[in-house]
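Notes to accompany the following structure.
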Amino acid sequence: MFSRLMALAPQPVFARFRHLGGQDVKAAGGTAGIGPVMGTFLVATTMIGSGVFLLPATLASVGTISLFGWLVAAAGALLIGLTLGLLSRVSEGGFLDSLGHVLGPSAGQAAALLYAAAYPLVNAAIALAAAGNIGFLFPELAVQPASSWVSIAFLALLVGLTHFGARQVARFGSLTLLFGLIPLLLVATAGWAHFDPETFRAGWNMSGGSASSALFQATLLCFWAFLGLETASLISRQMRDPQTSVLIATVGGIILSTIVYVAATTAISGMIPAADLARSTAPFADAATRIIGPIAAILVAMVAAAKALGTLGASQLGGTECWLCVQRQFRMTGVSFTVANPILGLLAAIVVWATASPTLGSQYGQIIGAVVVVTLLVYGLAGIALAIARPGAARIIGLSATAFSFGLIATQPSETLLLAAACILAGLVPALLSIWHQKRKAAAPAA
């Protein structure tokens with residue numbers, strides 16, 4: 001067993017942890033944190049919209065066999081969600097703090113670094129999704145460099161909102177979730193009246209490979225839509241009664257999202273032939289056009305853009321908390337919430353420019369595979385930590401989550417793994433520089 005982390009900066013209550021614009025977190029929200037209901041919406045809004053509006057087109061290249069990919073991904077997400085919720089009970093702070101407490105400094109620092117390295121990529125991808133819907137409304141903004149500027153403007157907007165505190169982000173996310181559910185619920189309900197079983201069967205396996213390889217590929221793509229399931233566990237210090245609220249919010253958010261995902265994407269795959277769906281830049285708008293007419297495409301694009309912004313706000317909040325956890329893991333000081341928040345936004349903007357591609361779809365595809373692999377590494381470590389910290393059913397849940405995470409990574413192509421490795425290396429550079437600086441500072445008095 002790794003040595004336990006004994007020197008984490010003490011965090012007795014989140015209200016004494018950091019200040020937002022001169023106020024602590026509790027005062028900024030006006031009440032003692034986020035409850036389980038709002039937490040459920042916050043978890044759901046972090047997931048719904050982080051790619052689901054583009055996923056039907058991506059999954060069409062795999063085939064309608066992706067229905068089973070959704071089910072496998074949802075089962076894995078529930079295992080991981082339970083793991084993170086239970087792990088967050090081990091010590092004060094988010095699940096990353098608990099992971100470091102159980103496995104020791106090295107494992108805690110590694111997990112925090114992996115997570116921190118992924119967040120700029122995640123936020124860049126979400127901003128691109130929002131910009132894509134704006135480009136559908138205004139075609140002149142759908143090409144480079146205009147689409148990059150729109151993405152960066154959205155990043156700046158949500159950095160500003162996050163500055164005002166967690167409850168403001170949660171309120172905005174809950175509001176955009178309600179609007180964002182409109183096209184999803186429309187397709188998930190009325191879309192079934194236009195469902196053609198022959199269209200669904202004809203597109204069963206479009207990957208060109210075996211059914212098993214198509215299933216693994218679909219599961220990874222589907223799991224991207226569940227990223228964000230850890231939001232409540234990550235910001236547990238800002239949850240009211242986190243011992244129960246974190247678990248309720250996590251599981252509730254996953255179940256809500258799964259129902260919407262499966263119903264909507266299965267319906268749309270039976271409405272539009274796979275070849276046509278794979279070429280679509282706005283699959284839900286195309287489906288809505290078939291249900292209620294051409295004007296629906298405009299409305300769907302508008303609410304999809306709003307939903308992506310709600311997702312971006314929740315992800316920006318979670319990412320900033322993650323960066324502060326990295327600071328605690330490395331026993332550093334000097335970076336506050338108000339500093340980490342805009343730095344994260346700046347790095348996401350750099351990712352947008354660095355990955356600029358001729359099409360939005362290819363740029364989006366560069367990012368999400370690496371993000372999923374990196375995040376699954378963290379989930380795997382969390383499962384190991386829970387198995388060590390808790391006996392009985394919790395241990396089985398933790399080991400199952402680890403097996404799912406590492407098993408899914410092992411099935412991925414080398415290109416995806418190479419991109420993930422590059423992401424990890426990018427996160428290691430500042431950490432190694434920080435360690436070198438601390439050692440040099442510690443050795444200075446003796447020189």
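Please find, among 126, 182, the residue that is within 21 Å of residue 57 (Cα to Cα) and more than 17 Å from the chain's Cα centre (by Cα).
182
Please enumerate the residues belonging to the stretch 286-298 that are of a type in the set (A, V, I, L, M), surrounded by fewer than 24 Cβ atoms within 10 Å (Cβ to Cβ) and modelled with pLDDT of 80 or more.
Within the stretch 286-298, 291, 292, 298 qualify.
What residue, of 216, 172, is more than 25 Å from residue 96 (Cβ to Cβ) and not basic (Lys, Arg)?
The unique qualifying residue is 216.
Any idea which residue in the stretch 133-149 is nearest to residue 352 (Cα to Cα), counting only those that are at pLDDT below 80 and part of a helix (DSSP H, G or I)?
Once the filter is applied, the top-ranked residue is 133.
In the stretch 201-253, how many are farther than 22 Å from residue 412 by Cα and either touching a helix residue (DSSP H, G or I) at 6+ places or on another chain (Cβ under 6 Å) or not in a helix (DSSP H, G or I) (or both)?
23
Would you point out which residue out of 297, 275, 314, 288 is small (Gly, Ala, Ser), over 20 Å from the mean Cα position of the chain (by Cα) and over 17 Å from residue 185 (Cβ atoms)?
275
Condition check: modelled with pLDDT of 80 or more and assigned to a helix (DSSP H, G or I). Does residue 435 satisfy that?
Spelling it out, it is not the case that residue 435 is modelled with pLDDT of 80 or more and assigned to a helix (DSSP H, G or I).
Quick grid of which residues meet (1) within 28 Å of residue 39 (Cβ to Cβ); (2) surrounded by 23 or more Cβ atoms within 10 Å (Cβ to Cβ):
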residue: 172; (1), (2): yes, no
residue: 176; (1), (2): yes, yes
residue: 193; (1), (2): no, no
residue: 207; (1), (2): no, no
residue: 213; (1), (2): no, no
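Is it the case that residue 85 is closer than 20 Å to residue 42 by Cα, buried (at least 24 other Cβ atoms within 10 Å of the Cβ) and touching a helix residue (DSSP H, G or I) at 6+ places or on another chain (Cβ under 9 Å)?
Answer is yes for this residue.
Restricting the search to the stretch 281-295, which residues are touching a residue at least 24 places away in the same chain (Cβ under 8 Å) and not basic (Lys, Arg)?
Residues satisfying the conditions are 281, 282, 283, 284, 285, 287, 288, 291, 292.
Pull up the stretch 299-324, narrow it to residues that are among the aliphatic types (A, V, I, L, M) and within 16 Å of residue 169 (Cβ to Cβ), then point me to the one that is surrounded by the fewest Cβ atoms within 10 Å (Cβ to Cβ).
So, considering only residues that are among the aliphatic types (A, V, I, L, M) and within 16 Å of residue 169 (Cβ to Cβ), the one surrounded by the fewest Cβ atoms within 10 Å (Cβ to Cβ) is 306.
Given the criterion assigned to a helix (DSSP H, G or I) and crowded, with 23+ Cβ neighbours inside 10 Å, identify the matching residue among 386, 377.
386
The values are calculated or read from the model by the stated rules, or taken from the named source; none is laboratory data. Computed from a prediction, not measured in an experiment: that's the story for all the values here. Note that we place each Cβ from the backbone using ideal geometry, even for glycine, and neighbour counts take in every protein chain shown.
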